[in-house]
Amino acid sequence: MSNPTTRILDSMDPPTGALLGVAGAIAVGNEPLLEERARMLLATGAAPVWVEELLLQSVLMVGYPRALVAAGVWRRVSGLSAPSRDADSTGPEEWLSRGEETCQAIYGFNYDRLRANVRQLHPALDTWMVTEGYGRVMARDGLDLARRELCTVVQLAVLGSPRQLHSHLRGALQVGAGSGVIDRALEIAGRDASPAAATEAAAVWQQVRKMRETT
């Protein structure tokens with residue numbers, strides 16, 4: 001599995017920018033906007049598997065209802081049928097081990113504290129986060145961790161979730177997304193976020209950058 005390996009992404013290429021635009025549209029749940037963004041992404045020559053993986057991971061951020069709507073739009077616009085079976089043949093035992101690896105890659109030295117904090121909320125949440133969230137979903141092949149984290153950043157900014165955004169902004173940096181790329185990701189999110197959410201996201205990013213400069 002290649003995802004936990006850090007991949008440096010220091011420029012926003014057109015396919016990545018278009019993918020982030022689709023991520024924002026999924027969070028909004030606007031079908032005409034999704035269709036427009038999906039067509040724009042196809043025009044960039046982006047790998048279709050990127051969208052397939054974004055659709056799956058979107059369940060974690062926006063839930064099944066909007067992820068299912070987005071999947072329907074993607075099938076219609078792309079003309080691509082769903083695969084006959086999931087290429088990821090791993091199971092719960094593998095999900096736990098690769099979830100721990102992926103979560104640690106994203107959170108770095110904050111990993112142990114994250115696990116402890118989530119366990120205090122509920123031990124089931126800790127188990128589901130690592131096994132289902134990071135192991136079953138985020139550790140899949142097909143989309144590298146830097147782009148996965150940028151998609152997550154965009155959706156959290158659109159949803160107005162500053163605490164989780166703070167963590168995933170740090171995570172994006174941790175797995176190789178450059179500051180300039182994150183700047184651009186938040187600009188893309190700003191097209192779909194409310195003015196208040198966009199302002200809040202910018203403030204959170206400023207805080208993360210200051211913390212990074214002083215450590």
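When the charge dipole of segment 90-141 is built from unit charges on Cβ atoms (+1 for Lys and Arg, -1 for Asp and Glu) and taken about the Cα centre, the candidate among P92, N117, V130 whose Cα reaches farthest toward its positive end is N117. The Cα center of segment 62-136 and the Cα center of segment 166-215 differ in position by 22 Å. A simple charge model with +1 on the Cβ of Lys and Arg, -1 on the Cβ of Asp and Glu and nothing else charged puts the dipole of the chain at about 320 debye relative to its Cα centre. Remark: the chain projects, on average over all directions, an area of 11.4 nm² (convex hull of Cα atoms). Given R₀ = 22 Å, what would the calculated FRET efficiency be for Y111 paired with Q207, taking r from the Cβ atoms and rounding to 0.05? Step by step, r from the Cβ atoms, then E = 0.60.
Sorting the segments 151-157, 184-190 by their mean number of nearby beta carbons within 10 angstrom, highest to lowest, gives 151-157, 184-190. Assuming charge only on the beta carbon of Lys and Arg (+1) and of Asp and Glu (-1), the dipole of segment 90-141 about its Cα centre is about 180 debye to the nearest 20. Going from the fewest other Cβ atoms within 10 Å to the most, the residues Y107, Y64, Y134 appear in the order Y64, Y107, Y134. Counting only DSSP H runs of at least 4 residues, each contributing -39500 (n - 2.57), and dividing by the residue count of the chain, the helix-based mean residue ellipticity at 222 nm comes to -23000 deg cm²/dmol.
Across the chain, the relative contact order, built from alpha-carbon pairs under 8 Å that are at least six residues apart, equals 32 percent.
Structural descriptor for segment 120-215: relative contact order 29 percent, calculated from alpha carbon pairs under 8 angstrom and at least 6 residues apart. Peptides 21-29, 125-133, 205-213 ordered by packing proxy, namely the average of other Cβ atoms within 10 Å per residue, highest first: 21-29, 125-133, 205-213. The calculated FRET efficiency for the pair S78 and R119, based on their C-beta separation and a Förster distance of 41 Å, comes to about 0.50.
Each value in this text was obtained by applying a stated rule to the coordinates, not by laboratory testing. Fair warning: this is a prediction, and the values are worked out from it, not measured in the lab. Neighbour counts are summed over all protein chains in view; Cβ atoms, including those assigned to glycine, are modelled from backbone coordinates with ideal geometry.
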